[in-house]
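*Asks:* Structure incoming, see below.
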Amino acid sequence: MIRTALPADLDAIAALHSRARATYYRGRIPEDAYAGEDELARSREGWSHAVARSDGSDGTPAAGGGAGETGGVLCAEQDGELTGVAAFRTVAGETTLTQLHVDPAHWRRGTGAALHAACLERWRRAGVPRVRLEVYEHNLRAQAFYAAHGWRPDPLAPRAGSHQVLWLTVGE
């Protein structure tokens with residue numbers, strides 16, 4: 001089941017985010033940048049802002065969002081367990097998929113595809129023409145996922161530091 005994230009989900013979201021990030025950052029960046037209590041607290045705070053900004057509908061600004069800023073946080077849930085999370089926001093007319101994570105224990109079960117489809121539906125309803133994302137250069141699993149779902153490299157600015165920039169044209 002895909003649903004809008006709630007403040008009560010924040011601990012589970014932050015923990016899932018930490019587990020997922022460890023799979024592609026481990027051995028590549030210092031562990032304290034993606035794991036540990038301080039990073040978990042920082043992650044929870046970031047997700048707290050995203051959930052507060054999330055409106056749960058079709059792109060109307062929510063309380064907590066800045067002027068012209070909209071967003072959404074969606075959770076995948078199975079048997080009462082959070083199995084995935086996706087976040088997006090629109091600022092100054094540009095929509096970005098900021099996060100899409102599936103708990104590694106639930107990989108290859110369609111959770112990511114279901115979250116992606118739910119995001120697409122929200123973007124279509126809001127009239128979003130295209131969406132941007134940045135994916136870590138060593139996260140080959142995510143790169144393959146995004147390519148399979150129609151995301152393409154930005155021909156003008158293909159990189160943002162250690163991340164590749166991808167765009168998706170949102171169809172009807």
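The values are calculated or read from the model by the stated rules, or taken from the named source; none is laboratory data. Given the structure is predicted, the values throughout are model-derived calculations rather than measurements. Note that each Cβ is placed from the backbone with ideal geometry, even for glycine, and that neighbours are counted across all protein chains shown.
*Asks:* All but one of (1) in contact with a helix residue (DSSP H, G or I) (Cβ under 9 Å, 6 or more places away or on another chain); (2) at pLDDT below 90 hold for A67; state the number of the condition that does not hold.
*Replies:* The failed condition is (1).
Per-residue answers, yes or no, for (1) within 19 Å of T111 (Cβ to Cβ); (2) assigned to a helix (DSSP H, G or I); (3) modelled with pLDDT of 85 or more:
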| position | (1), (2), (3) |
| --- | --- |
| A14 | yes, yes, yes |
| H17 | yes, yes, yes |
| T23 | yes, yes, no |
| R28 | no, no, no |
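*Asks:* Also, quick follow-up: In the set A126, A157, A87, A117, which member is over 23 Å from A14 (Cβ atoms), of a type in the set (A, V, I, L, M, F, W, C) and modelled with pLDDT of 95 or more?
*Replies:* None of the other options fit; the residue is A117.
*Asks:* What pairs come out if I take residues in the stretch 147-162 that are over 15 Å from R130 (Cα atoms) and pair them with residues that are at pLDDT 85 or above and not in a loop (DSSP other than H, G, I, E, B) whose C-beta lies under 7 Å away, six or more apart or interchain?
*Replies:* A157/V165; P158/Q164; P158/V165; R159/V165; A160/E134; S162/Y136
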